[in-house]
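What follows is calculated from the coordinates using simple rules that are stated; it is not laboratory data. Here the structure is a predicted model, which means the values were calculated and not measured. Heads up, the Cβs are rebuilt from the backbone with ideal geometry, glycines too, and the neighbour counts pull from every protein chain shown.
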Amino acid sequence: MNTWNIDRATRRLFRHQVCPGLLIGLLILCGGVPLAAQSEPEKKRVVCSTTQIADFARQVMGDQWQVDCVLAAGQDPHTYQTTTADARLVAKADLCLENGWHLEGNEWMRKLAENAGCPVVTCIRGIEPLEIDEEGQTVYDPHAWFRPDNAAQYVRNILQAAIQIDPENQWQYQARAECYLLELGALHRWIQRAVNRIPLARRKLITNHDAFGYFCAAYQFEAITPVGWSTRDEIGGGGTIQRQREVLEAIRSSGVPAIFVETSINPRMMKQLADEAGVVIGGSLYSDSMGAEGTAGATYIGMMRENVLMIVGGLAKDRS
Ligand SMILES: [Zn+2]
């Protein structure tokens, strides 16, 4: 047997018997878990109801936490029905974050958290509410994130919750939040400058549902919508035809050149209103949901920026 043959035989032995044996031995030693995964420390987990809240959580918690979101981009929080996969996700969480003020229809996020015995924080806590009249009853408008200063309050609430659960890393959460709050301040100043291109008389924002009340209050717009504060009204339909007639009249007399649809709501009704009123659809605004990953609206700041560009583009010029 020459050297070559010995080597080949040894190699075959190693490949077929020694290697698998070593691998099995290693797996037994590690309890079936690969070594690399074993050395990773277990991350804390937060489950958020909406895409905006998930973005705020990522800004505060960075990669130190696993941040998951129940709603996918484009899904509607008012009408969402939870699934068993949501319940499984929440069962593994250290913290749940909800918007509050009934944005989540029938309190679905709170119920998921309570069923799993997981602490839940209401991010809207501490915000000055915008009151809306709904069939003679005063309710709080839950779409508060549309003002960057309100978004800052969401961030502060999330910061507090993170510190409470993981005080050891307080300085890191604080540092990230501080950096992001500066960005939110800059966003507010940028919006103020951008909307100045629209004359005050034409600052009328006509969209599907009352999502933009806080934005309108902050930047001197009038909000006009055919549906109430929840998209559930659109499905129920009670009183909607009368409201639609009023909105049609309001569009005709407002002098606005464009009205807008929302990414998380079927655009059919708004397209019909635009045709009847003789105006154009100025574009699709992010309202209750941010954009999908990889789009310009995939973050809160991106979503606000794209919305403002769309609104300015639609309303800055005269009706043609
Ligand atoms: Zn809404």
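A few remarks follow.
- Where labels lie 7 Å past Cα in the beta-carbon direction, separation of Q220 and W190 in nm: 2.2 nm
- Sorting the segments 212-223, 242-253 by their residues' average number of neighbouring beta-carbon atoms within 10 angstrom, most packed first, yields 212-223, 242-253.
- The residues packed around T51, meaning those with a beta-carbon under 12 Å from its beta-carbon, carry a net charge of -4 if Lys and Arg are +1 and Asp and Glu are -1.
- Annotation for I241 and D133: the two label points, set 7 Å from Cα along the Cα-Cβ direction, are 2.4 nm apart.
- Subset of K43/K92; K271/K317; K43/K111 violating a 18 Å alpha-carbon distance limit: K271/K317; K43/K111
- Rounded to the nearest 0.05, the FRET efficiency derived from the C-beta distance between L200 and Q172 at R0 = 51 Å is 0.70.
- Rounded, prolate or oblate (a/c below 1.5 giving rounded, otherwise prolate when a/b exceeds b/c) for region 44-188 by Cα gyration tensor: oblate
- Shape class of region 179-224 from the Cα gyration tensor (axes a ≥ b ≥ c, square roots of the eigenvalues): oblate, since a/c reaches 1.5 or more and a/b does not exceed b/c.
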